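For reference, the structure discussed in these notes is given below.
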Amino acid sequence: LIRAFAQGAGHAIPPEEAETLAAAVERVAAHVLAAEAELVADPSTFAPAYLS
Amino acid sequence: VTTDLAAPTIAAAADALRRGDVSPVELVDDALERAHRAQPSLNCFITLLEREAREAARTAEAELRRGEARGPLHGLPYTVKDVFATAGVRTTAGSRVLEDWVPDEDATAVAKLRAAGAVLLGKTSTSEFAAGPTTANEHYGPGRNPWNAAHVPGGSSGGSAAAVAAGIGFFSLGTDTGGSVRMPAAACGVVGWKPTLGGLPRAGVAMLAWSLDTVGVLARVVDDVARVLDVFGLGDEAAALDVLRVGLPVELLDEPCDPEVRALFDGALARLVAAGARVLPVSMPWSRHALPANNLISWFESHAAHGPGFSARAALYGRAIAHRVLMGAAISAREYAAAQRVRHVFTRLAQGVFSSVDVLALPTLPVAPPPVGVDEIEVAGRRIPVVEVLGRFTRFASFTGQPAVALPCGLTAAGLPVGLQLVGPLGGDRRLLTIARACEGVLGWDGRRPEAA
């Protein structure tokens, strides 16, 4: 996605730099999804598990 | 003029103006002279408004002579970060994308200060589109620290903090998305105020991340911050404080922190305790989610704000903002929604903490301001990228939107400032300001200023 967006914008980004950015996003997104599972009991009802 | 015009507080300067001991023209001339002297070494400004400032000072002087006083800021010089639109004056946001943009109207906050008679000296240096904690800027050059020009002034409002520390203007407006007012305030030894999210008007301010961007104030003392907030109807209350309960967020304080910074932080707490405060450990195991979730929201919203512009003119964007825009492209709506859900629960939990404490206390920065141009630093035995380490203690209040203030609390052995950060509950701005005023009085900083001032 990063390479595709850069390419669409005519922005040259070395593959290894794109990989580094993608890895950072993956790491952060994985943490956020785990945090959601920890804090929010049911996203569809938005019930916060931590407060129950 | 025989007195040091940059030293007085806003209240003292306003008194001097009222008595006729000094004039707005003298104050502005003095500030401009300091700005010219400091610019080659500190690069505080992207645009200095010499002619406009002198003209506004003459107008203020005539008004004051006619008895048309507009309040304590009337005739006092100040600066704004170059992300605030200024009518008839170019507003670059630190970017080549906007290098020729001359807005027709002032940002709302600037218009308020103009109406209060404050005199705008110039537009201060910033990271491109306020993205970055060091005021590195490949288009306009890096900002530098007035305590040691080989070091960064913090960021992204680094030009504002450096100007205030160097005695150029009485205060400055900055913006704070992940700590961009508090971090440079700590790095430059001044006070940095981030109100509750949305507390100060941000219409006419270049956007970085819509749900996080907050306008803030930098000044040399808390009372000066309060005088500026008065213009916006947000000054503090004259309230007596009971025993102050200071919460120590134990999990956050386990994050890597330079031992010298930690020792100065502990010393500041000891001073508060000696003055009668109670320090209580507060466990918030969920607090570790603030940094990643705040980053994810910030990258996603940066992409939303700047993606279209980047697609049209990618060559004009610097590396740091380009990286944020590109990372935002890789975040899904599902992940963004998860981050906002986490934020909602997290904020409720963080509000609950204030049933047992009045403020949370943290170092503002986990390290002293690093040297300019360094990408990685060692913190407690670990090599960490500078951009990842600086905001570790400021993201909490950005994520919750809670008000927070950075107070100078000491100097390292190398002579670089260290800050104490206090966080209050949402909407508790007035009380936090009162608490900050009381704490400032016992921290022993005593208005220290760099030789550059």
Query raised in the report: Projected onto the charge dipole of segment B:1-132 (+1 at Lys/Arg Cβ, -1 at Asp/Glu Cβ, origin at the Cα centre), which of B:11, B:79, B:53 gives the Cα projection farthest towards the positive end?
Result: B:11
Query raised in the report: Got the relative contact order for chain B handy, in percent, Cα pairs under 8 Å and 6 or more residues apart?
Result: 17 percent
Report task. Using R₀ = 22 Å, calculate the FRET efficiency as 1/(1 + (r/R₀)^6) where r is the Cβ-Cβ separation of residue A:4 and residue A:24; round to 0.05. Result -> 0.80
**Report entry** Net length gained if the chain between residue B:15 and residue B:242 were fully extended (0.36 nm per residue, minus Cα distance)
**Finding:** 78.6 nm
Report summary line: Note to self: C-alpha centroids of segment B:68-92 and segment A:1-38 sit apart, in Å, by 39 Å
**Report entry** Approximate spin-label separation residue B:351-residue B:251, in nm, with each point projected 7 Å along Cα-to-Cβ
**Finding:** 2.0 nm
Query raised in the report: If we sort B:418-431, B:343-356, B:292-305 on the protection proxy, mean other Cβ atoms within 10 Å, highest first, what's the order?
Result: B:292-305, B:418-431, B:343-356
Query raised in the report: residue B:51 to residue B:413: FRET efficiency via 1/(1 + (r/R0)^6), r the Cβ-Cβ distance, R0 51 Å, to the nearest 0.05?
Result: 0.70
Report summary line: Mean shadow area (nm²) of the C-alpha convex hull around segment B:54-121 is 4.6 nm²
**Report entry** Rh (Kirkwood; distinct C-alpha pairs) - the protein assembly as shown, Å
**Finding:** 22.7 Å
Query - Dipole magnitude of the protein assembly as shown, debye to nearest 20 (Cβ charges: Lys/Arg +1, Asp/Glu -1, about Cα centre) - result: 380 debye
Query raised in the report: Between segment B:36-66 and segment B:410-427, how many Å separate their Cα centres?
Result: 30 Å
Query raised in the report: Mean separation of Cα pairs under 8 Å and 6+ residues apart, divided by the residue count of segment B:388-448: what relative contact order is that in percent?
Result: 30 percent
Query raised in the report: When only DSSP loop residues count, what trypsin sites (Lys or Arg not before Pro) in segment B:180-288 have their Cβ near at most 11 other Cβ atoms within 10 Å?
Result: none
**Report entry** Pair residue B:376, residue B:280: separation of 7 Å Cα→Cβ label points (nm)
**Finding:** 4.2 nm
Query raised in the report: What does the average come to when, for each residue of peptide A:19-28, you count the partner chain Cβ atoms lying within 10 Å of its Cβ?
Result: 5
**Report entry** Charged-residue dipole, Cβ positions (Lys, Arg, Asp, Glu), chain B about Cα centre, Debye nearest 20
**Finding:** 680 debye
Report task. Take the Cβ-Cβ distance between residue B:114 and residue B:150 as r, set R0 to 45 Å, and report the resulting FRET efficiency rounded to the nearest 0.05. Result -> 0.80
Report summary line: Once residue B:451 and residue B:138 are pulled to full extension, the length gained, defined as 0.36 nm per residue separation minus their Cα-Cα distance, is 110.0 nm
Query raised in the report: Toward the positive end of the charge dipole of chain B, about the Cα centre and with charges on Cβ (Lys, Arg +1; Asp, Glu -1), which of B:174, B:275, B:398 goes farthest?
Result: B:398
Requested in this report: Using Cα centres only, tell me the gap between segment B:205-235 and segment B:315-369 in whole Å.
Outcome: 19 Å
Requested in this report: In Å³ and rounded to a whole number, note down the convex hull volume per residue for the Cα atoms of segment B:390-453.
Outcome: 104 Å³
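None of the figures in this text is laboratory data; all of them are computed from the coordinates on show. None of the values given here were measured: they were computed from a predicted structure. In this analysis, Cβ positions are derived from the backbone assuming ideal geometry, glycine residues included, and neighbour counts consider all displayed protein chains.
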